[in-house]
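Data block below; observations after.
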Amino acid sequence: MRIISITFARRVSIPTSVYTKSSILCSLCYNHKRTYHSTPTLFNKDNKDKTTTPPPPSKEEKEKVDDTTQPEAPKAPSRIRRPKYKIWLVNEGKNFTDSYDRPNYLGSNIPFPMNPFFKPQPPLSDSTKEEIWLKFTQEGQTPRKIGTDYGVSLKRVEAILKLKKLEKDMDKKGITLQKNLSENIEKMLGARSFCAEPLTDTLPKVGVPNFETVDENQDFSPEDAAKILRRPTLAKIQEKEHQEELLKPFSLEENSTKDEQIMTLVGRDEKETNQRFQFKFKTVGKEQNVILRDRDGSLYKIEKELIR
């Protein structure tokens with residue numbers, strides 16, 4: 001903090017009798033002298049060392065600084081930050097860019113990294129599905145026999161047959177199918193010609209476990225186990241189910257006996273006519289009754305319907 005003080009000094013003694021009052025004031029203003037007083041520590045005496053200005057550098061120090069300083073390098077132009085997925089493809093994702101002939105998941109057998117509990121089985125190849133179609137249409141084998149040979153469930157066999165029939169119908173209509181896409185997807189998913197799944201998902205009533213001691217050198221076959229458990233053998237069960245399937249064969253026709261419906265007219269109301277919509281009401285329970293409201297206002301009761 002600097003305070004400026006103005007002091008007036010008279011160099012010559014001027015008698016008041018000679019000069020007038022105005023001349024005295026002019027001489028005072030003309031002969032005044034300004035003095036400057038620097039008071040940096042006027043209010044805080046403790047900060048004396050902090051507020052004092054450092055002495056100017058000497059010539060030797062200036063020459064040393066000039067010798068040590070180097071010219072600054074030109075600044076590189078600012079680059080746009082690369083997306084993170086490109087950096088990942090260069091480093092970790094390099095193994096996943098060009099491999100299309102086999103399954104190449106991030107995990108060992110996990111297609112979705114965020115869901116490690118989803119481990120699906122590889123699908124059946126298209127050549128295996130074509131064999132299943134030929135065995136059903138030309139050789140006349142039942143879905144149960146086909147499922148037993150290929151280790152596929154009955155529902156999967158029926159789904160394969162329905163899709164193959166749809167594929168054949170599209171070929172007849174001249175619709176081009178994307179065979180190359182299906183072949184590449186089979187390579188990426190690791191399609192195979194055999195599965196290991198049960199025919200049905202229903203489990204039998206096992207009951208109380210039964211233990212039997214058998215000698216190590218004694219032969220013990222599935223027939224012997226069936227005798228101990230008092231159950232029929234697996235061959236007899238398969239033969240029985242095969243005979244039942246022959247009585248009710250699987251059909252690919254649209255108007256099969258399973259899809260037949262017995263509709264009974266309950267009533268008709270002209271106020272409920274609607275040319276756009278057809279409503280169906282189904283009760284959920286042991287007795288699943290279905291009521292249909294047609295567009296002309298008719299109300300039908302469906303006694304038999306295929307539940308999909």
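The values are calculated or read from the model by the stated rules, or taken from the named source; none is laboratory data. For clarity, every value in this text was computed on a predicted model and none was experimentally measured. Glycine gets a Cβ as well: all are built from the backbone with ideal geometry, and neighbour counts include every protein chain shown.
Structural remarks
- LEU181 being among the aliphatic types (A, V, I, L, M), modelled with pLDDT of 90 or more and out of contact with any helix residue (DSSP H, G or I) (no Cβ under 7 Å at 6 or more places or on another chain): no
- If you go through segment 97-126 and keep only what is among the small types (Gly, Ala, Ser) and at pLDDT 80 or above, you end up with just SER125.
A quick yes/no check of all residues on (1) basic (Lys, Arg); (2) under 24 Å from TYR105 (Cβ atoms); (3) outside any helix (DSSP H, G or I):
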residue	(1), (2), (3)
GLN121	no, yes, yes
GLU131	no, no, no
LYS168	yes, no, no
ASN184	no, yes, no
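- Pick from segment 190-204, criterion in a loop (DSSP other than H, G, I, E, B) and at pLDDT 75 or above, ranking: nearest to THR233 (Cα to Cα): GLU197
- Hey, GLY207 exposed (fewer than 10 other Cβ atoms within 10 Å of the Cβ), outside the structural domain of TYR105 (by TED's automatic domain parsing) and at pLDDT below 75 or not: yes
- Selection from segment 118-144 of residues that are among the small types (Gly, Ala, Ser) and touching a residue at least 60 places away in the same chain (Cβ under 8 Å): SER125, SER127
- Index of the failed condition, VAL152 passing every other in (1) part of a loop (DSSP other than H, G, I, E, B); (2) more than 26 Å from ASN180 (Cβ to Cβ); (3) not polar (S, T, N, Q): (2)
- LEU246 farther than 30 Å from ILE291 by Cβ and either touching a helix residue (DSSP H, G or I) at 6+ places or on another chain (Cβ under 9 Å) or modelled with pLDDT of 80 or more (or both): no
- Among the residues of segment 214-234, those identified as charged (D, E, K, R) and either loosely packed, with under 12 Cβ neighbours inside 10 Å or not in a loop (DSSP other than H, G, I, E, B) (or both) are ASP215, GLU216, ASP219, GLU223, ASP224, LYS227, ARG230.
- Residue check for GLY147: in contact (Cβ under 8 Å) with a residue 24 or more places away in the chain and not hydroxyl-bearing (Ser, Thr, Tyr): yes
- Residue that is nearest to LEU199 (Cα to Cα), among those in segment 147-174 that are at pLDDT 90 or above and of a type in the set (A, V, I, L, M): VAL157
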